[in-house]
Amino acid sequence: MDSPFIDACRRRDPEYTPVWFMRQAGRYLPSYRKIRGTKSVMEIAKNPELSSKVAVDAARALGTDAAIIFADIMLPLEGLGVKFTIIENVGPVVRNTIRSRDDVDSLSSFDAEVHVPFVLEAIDATITKLDGSIPLIGFSGAPFTLAGYMIEGQPSRELTKTKSFMYENEKAWHSLMGKLTAMVRDYLIAQIRHGVQAVQLFDSWVGVLSPSDYSRYVSQYTRAIFESLPQNVPKIHFCADSGNLIEQFHAAGPDVLSVDWRVPIDAVWDRCREGVAVQGNLDPSLAAVGGNAMVRGVRQVLKGARGHRGHIFSLGHGVLRETEPANLRRIVKMVHQTRRS
Ligand code: CP3
């Protein structure tokens with residue numbers, strides 16, 4: 001497959017800058033809302049026919065250069081015995097939170113073929129539907145972000161309970177991170193076996209950590225995951241609000257760093273001595289606002305990327321619900337029409 005997205009991940013200069021959006025299949029899209037109807041995110045994700053349709057429809061509606069499998073970062077945790085519900089406008093809420101070493105010890109071990117066969121079938125179905133037109137991105141939540149939901153029990157801004165568990169039960173913390181690392185590896189390797197052409201690791205909330213805590217409690221797990229994946233599949237590391245950790249993310253070994261709008265995009269190449277591809281980083285609010293502010297924002301990101309190899313245009317975080325799909329189509333057009341040199 002000739003793909004500007006894969007070329008950019010590899011820092012080969014594609015003809016034009018590729019673009020895709022996190023949460024491109026979501027409630028802002030009328031075709032998604034129609035399928036969602038009364039079904040939950042989890043019900044769609046567990047139905048390969050529907051989840052493949054949702055993923056492909058979104059990519060086609062927008063004209064993006066990649067599709068992403070429709071799933072949720074929480075999904076594989078069911079295999080470990082985590083009980084949760086995804087509540088609309090809130091996020092994942094876990095019933096059996098992790099409070100002690102015993103809770104960590106009682107987690108089951110994970111086998112993708114046994115616990116999430118529907119994700120793998122959805123990958124097969126999505127690849128068939130895409131028919132070689134664009135690559136499919138697989139993904140997983142990263143151990144820290146998953147541990148955050150398991151310990152807090154609900155979305156949290158400060159992750160204070162998580163930090164307290166990490167500092168006060170250091171052995172149990174490392175055991176939990178070890179189990180999650182094994183799960184993420186198995187999950188991503190199964191996705192790759194089923195044909196995803198790139199993988200993204202979502203460590204959405206790890207930006208709450210200081211550089212020294214990141215290096216003591218998290219970085220070894222991220223590195224172990226990336227090292228265990230085959231070389232020929234590009235690996236993307238995503239985190240929001242984490243300008244303080246860019247060099248450390250880079251050292252963990254991804255091919256692409258996905259950064260948000262709080263950092264100037266050119267600074268990422270500078271800080272990593274051009275040794276990485278960069279994905280991002282328009283403020284999702286600008287995609288929702290549209291008009292001149294959005295156009296100026298897109299131009300600014302493209303200008304920041306000029307002269308650097310390996311740019312994948314994206315938003316700094318997921319598409320907001322109030323976004324007009326036409327705004328995203330306009331972004332795709334602008335990015336594709338802009339000359340790289
Ligand atoms: O096109 C895609 O990217 C869709 C696939 C996808 C979903 N979740 C489906 C979903 C992906 C890549 C995710 C990742 C995910 N899920 C992350 C990492 C990315 C990030 O945003 O940082 C996180 C933290 C979650 C956990 C989660 N699931 C949250 C915070 C929410 C939002 C709750 C809400 O209603 O606002 C969800 C629900 C969810 N997962 C939606 C989608 C499309 C919302 C739409 C719906 O309810 O139908």
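The numbers here are math on the coordinates, done by the rules we state, and not lab data. In this text, all values refer to a predicted model and were calculated from it rather than measured experimentally. So basically every Cβ, Gly included, is an ideal-geometry build from the backbone, and we count neighbours across all protein chains shown.
Just a few scattered comments:
- Packing-based exposure ordering (other Cβ within 10 Å, fewest first) of THR181, THR128: THR128, THR181
- For the chain, the antiparallel share of DSSP beta bridges with both residues in that region comes to about 15%.
- Ellipticity estimate at 222 nm from DSSP helix runs (n ≥ 4, -39,500 (n - 2.57)) divided over the chain, nearest 500: -14000 deg cm²/dmol
- Per-residue Cβ neighbour rank within 10 angstrom, fewest leading, THR160, THR97: THR160, THR97
- The chain - Rg (one decimal) and Dmax (whole number), Cα, Å: 18.9, 57
- Karplus (6.51, -1.76, 1.60) ³J(HN,Hα), θ = phi - 60°, over the stretch 189-200, in Hz, Gly and Pro reported as x: 5, 5, 4, 5, 4, 7, x, 5, 9, 7, 10, 10
- Counting lysine pairs in the stretch 73-219 that sit 8 or more residues apart in sequence, or on different chains, and whose Cα atoms lie under 25 Å apart gives 9.
- Sorted fewest first by neighbouring Cβ atoms within 10 angstrom, ILE189, ILE123 come out as ILE189, ILE123.
- Karplus 3J(HN,Hα) series, Hz, for the stretch 163-177 with 6.51 cos²θ - 1.76 cosθ + 1.60 (x for Gly, Pro): 5, 5, 4, 4, 6, 8, 10, 4, 5, 5, 4, 5, 5, 4, 5
- The alpha-carbon atoms of the stretch 38-89, seen along their principal axes, cover 38, 23, 22 angstrom, with the largest extent given first.
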